[in-house]
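Just below is one structure, and these are the notes that go with it.
The values are calculated or read from the model by the stated rules, or taken from the named source; none is laboratory data. It should be emphasised that the depicted structure is a prediction, and the values quoted were computed from it without experimental measurement. A quick note on method: Cβ atoms are made from the backbone with ideal geometry, for glycine too, and the neighbour counts reach across all protein chains shown. SASA here: full protein model, heavy atoms, side chains in, ligands and nucleic acids out. Shrake-Rupley method; radii C 1.70, N 1.55, O 1.52, S 1.80 Å.
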Amino acid sequence: MATMTELSPTAGKTKHSQDTRVDESLVPKKVLSFCSTRYGIAFIAHFCNFILMAQYAAINISMVAMVNGTNHQSQFNGSTESLPLDALGGSNDEPNSLPAEAPVYDWSPQVQGIIFGSVNYGMMLTTAPSGYLAGRIGTKRVVGVSLVVSSLLIIFTPLAADLGLAFLIVTRTVQGLAQGSIFGGQHALWERWGPPRERSRLCTLALSGMMLGTFAIILLGGIISQTLGWPFVFYIFGGIGCVYCLLWFVLVYDDPVSHPWISVTEKEYIVSSLAQQNGFLSAFPFIISWVTGILGGQLADFLLTKNFRLVTVRKIATFLGNFPSSVLLVALSYLTPDYITTMTLLIVSCGLTPFCQSGIYINALDIAPRHSSFLMGTSREFGYTAAILTPTVSGFLLSQDPEFGWRNVFLLLFAINLSGLIFYLVFGDAVVQDWAKDRKLTRL
């Protein structure tokens, strides 16, 4: 039986003795399996993201029932209680009727847009700081407390809507603060739990819960609204979040050293693989991204004041966020390995990407304001498929060519980004499309 101290025949022949990467052939198979503690942490984070996205999109799905009453007369008081059909002389077993006593509101599309967007105001403020905070006091506390707050506010949402539009907007903004903390704070978990060669698998396993959560709320939200009433969409997913918080605080630990049930072998494997990490440099590119994302929005609006066409501004921002960062990654694979050069190119590449937030990311608001929430959610969900495909394709390319595998990965990334950029530069538009216009307004 091989021991952990057994060396490979070529262990002493390597040119780079400073390379601290762990040879997986020397690690017991059970440490690398899905039954290990770190994969359990990834599955817990997976369901945390599932709940997060379900709560995030709950109002998007419920809005149809919240504003779609059987009474088409104008509601000047802002809301009404839907009545049972048998009280109006009809059958009360109509399958498409809303449940009794489910409030219906008279919100215009503009008001609905404000409600949809209010959660993002809070998320903008906490996504970056929460990552720093999680590194200081631990992901367990930051994400756990944020999930509790988000779940309680989701349960409170129907009451906030009844109290008035201002209460609802404030509630969703505070909810955004909590959800932004979950988005930003969870990544610090893998700084201490993710061996460098497994971070892609662990992170994508955790983040894929967002797609499952979106799928679940779209599938179940309408059914719940129709059978129980739209408030129960918030009650159910908020309640699930509250219960899950108990599991989070019991099962999640900030690092393998403090985990009471992890095996000694796995603990030593994780700690040894992370021995040479520098946490500040890992986080620094995201701080730069936060700054450039804000500056990009300022630059875009400044260009509009100088009579630049809106479509031109969107394409400039998309180009700045896409092309230079992709070129830098390709150049990185051809340069002589150098610590300072590598970190500089990675930081600049990551820092330029948020310029796209002022370009293609919000282009749906230009071409279809009434459907922007649906379009942006759909495009984001489609984009999450990259999180599933990337580690698989990267692993295949690296296994085919261990020496130049990363070069092939970066070249493939460049080709995909360039093809998408060219398509957008040629066909992109910023004018409201005919299919997205309100037909009633068009007739007038």
Within the accessible area of region 281-436 (1.4 Å probe), percent carbon and sulfur: 72
field: Burial ranking of peptide ranges 48-59, 117-128 (average Cβ count within 10 Å, highest at the top)
entry: 48-59, 117-128
task: Just need the Rg to Rh number for region 206-263, please, alpha carbons only, Kirkwood Rh.
output: 1.16
- prompt: Where only protein heavy atoms count, and the probe is 1.4 Å, what is the accessible area per residue for region 281-436 in Å²?
  reply: 60
task: Using the heavy atoms of the protein chains and a 1.4 angstrom probe, tell me the accessible area per residue for region 144-213 in square angstrom.
output: 34
- request: Please report, in debye to the nearest 20, how large the charge dipole of region 281-436 is about its Cα centre when each Lys and Arg carries +1 at its beta carbon and each Asp and Glu carries -1 there.
  value: 320
field: Contour minus Cα-Cα distance for Val311 and Ile422 (0.36 nm per residue)
entry: 38.5 nm
- prompt: Gain in length, Val330 to Ile294, computed as 0.36 nm per residue apart minus the alpha-carbon separation, to one decimal in nm?
  reply: 10.3 nm
message: For Phe404, project a label point 7 Å along Cα to C-beta. Then give me every residue of region 309-333 with its amide nitrogen under 18 Å of that point.
response: 329-333
